[in-house]
Amino acid sequence: MNPKMGNLIYAGKAKTVYETDDPDQVIVKFRDDITAGDGVKTESLVRKGYYNSVISAKFFEVLEDAGIKTQYIKLIKPGYMLCKKLDMIPLEVITRNIAAGSLLKKFPFTEKQELEPPIIQMDYKNDEYHDPMLNDSITIALELATKEELDTIRSITLEINSVLKEFLLSKAILFPDFKIEYGFDSEENIVLGDEISPDTCRLWDAQTSEVLDKDLFRKGEDGVMDAYMKVASLLLDETDIAKWNVEF
Ligand SMILES: Nc1ncnc2c1ncn2[C@@H]1O[C@H](COP(=O)(O)OP(=O)(O)O)[C@@H](O)[C@H]1O
Ligand SMILES: [Mg+2]
């Protein structure tokens, strides 16, 4: 039986977190809101939350199967994910396999340059300060995480990158970069939280280099939802579609 949806705990820019009758579990509702540039550009895209939730659920299941601890319990129905309640660490952990986006504005990398080993960058998740890039000593001084926690986060993140890069390549999608967030569960384990979706990843068609992620929205291009739907249709197999009753 699914737990009852309780009070709203937090409404962010794209998702809303609700209490449940189990104090260790929350329901994350994926909304249709999409924002860019620190929330300056805001819109609502019909069924964005629906597709992001199934894409995220698929990624979390692939990671769980590979032995990585995540918040994921189950997708109640598209749009609504039952998760472990986490005490979130305010870090945006960014992994880059191919140079794109803000990295090119800040450093002299060449567009689409392969980054091997991958770059791991951590930004302070703080809208007021515009998510500045951190280094370990700033992170430790701000007491956002300890040195040991940072090392754990980096090592889990590299594993996540390997698992998802391989999974996506098997679906003919390249994985230039992605952003994830971690939190502590009730047993103080560091656990992957939040979402992994075209809102938080760069995803490129491996054959055509077609952009299949939020960069389309950032650049004001058409077909944002067509791209997200294409990602969902490439990632989900027949069993997932039947299990979650996904409609395209
Ligand atoms: N499992 C979880 N338990 C509690 N909070 C979570 C969990 N997963 C994600 N969150 C938090 O919930 C919020 C998700 O909503 P989102 O719209 O992405 O917010 P934001 O605008 O802050 O990025 C984020 O602040 C995220 O850190
Ligand atoms: Mg967010």
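The values are calculated or read from the model by the stated rules, or taken from the named source; none is laboratory data. The shown structure was predicted, so the numbers you read here are calculated from the model rather than taken from an experiment. Neighbour counts are summed over all protein chains in view; Cβ atoms, including those assigned to glycine, are modelled from backbone coordinates with ideal geometry. To get the accessible areas, we keep the full protein, side chains included, count just its heavy atoms, and leave off ligands, DNA and RNA. Shrake-Rupley method; radii C 1.70, N 1.55, O 1.52, S 1.80 Å.
In Å, what Kirkwood hydrodynamic radius results for segment 44-172 from the alpha-carbon pair distances? Display every interim value, and only then the final one.
On the way: mean 1/r = 0.0596 Å⁻¹.
After inverting the pairwise mean of 1/r, the radius is 16.8 Å.
Just subtract the alpha-carbon distance of Val46 and Leu142 from 0.36 nm times their residue separation and send over the number in nm, one decimal.
On the way: separation 96, 0.36 × 96 = 34.56 nm, distance 3.91 nm.
Gain on extension, Val46 to Leu142, equals 30.7 nm.
Computed packing ranks the peptides 214-226, 103-115, 121-133, 69-81 as 69-81, 214-226, 121-133, 103-115, most packed first, by mean other Cβ atoms within 10 Å. Ligands, DNA and RNA excluded, the heavy atoms of Ser186 present near 80 Å² of accessible surface to a 1.4 Å solvent probe.
Cα centroid distance between segment 1-76 and segment 200-248, in Å? Centre-to-centre distance over Cα atoms comes out at 17 Å.
In terms of solvent-accessible area of protein heavy atoms at a 1.4 angstrom probe, what is the ranking of Asp237, Asp65, highest value first? Working shown, then result.
Working: Asp237 65, Asp65 135 Å².
Solvent-accessible surface, decreasing: Asp65, Asp237.
Ordered from longest to shortest, the equivalent ellipsoid semi-axes for the chain are 25, 24, 18 Å, each the square root of 5 times a Cα gyration tensor eigenvalue.
Accessible surface area normalised per residue over the chain is 49 Å², counting heavy atoms of protein chains with a 1.4 Å rolling probe. Does a label point 7 Å from the Cα of Met133, set along Cα-to-beta-carbon, have any residues of segment 168-192 with amide nitrogen under 16 Å, and which are they? Residues passing the 16 Å test: 177-179.
Only Lys, Arg, Asp and Glu carry charge here, each on its Cβ (+1 for the first two, -1 for the last two); on that basis the chain has a dipole of about 560 debye about its Cα centre. Tell me whether segment 85-130 comes out rounded, prolate or oblate; compute the Cα gyration tensor, take square roots of the eigenvalues as a ≥ b ≥ c, and use a/c under 1.5 as the rounded threshold. It is oblate, given that a/c is not under 1.5 and a/b is not larger than b/c.
Which entries of Lys4/Lys230; Lys84/Lys106; Lys4/Lys147; Lys13/Lys106; Lys29/Lys105; Lys106/Lys219 have Cα-Cα distances beyond 29 Å here?
Values: Lys4/Lys230 32 Å; Lys84/Lys106 36 Å; Lys4/Lys147 38 Å; Lys13/Lys106 25 Å; Lys29/Lys105 33 Å; Lys106/Lys219 19 Å.
Lys4/Lys230; Lys84/Lys106; Lys4/Lys147; Lys29/Lys105, as the Cα separations exceed 29 Å there.
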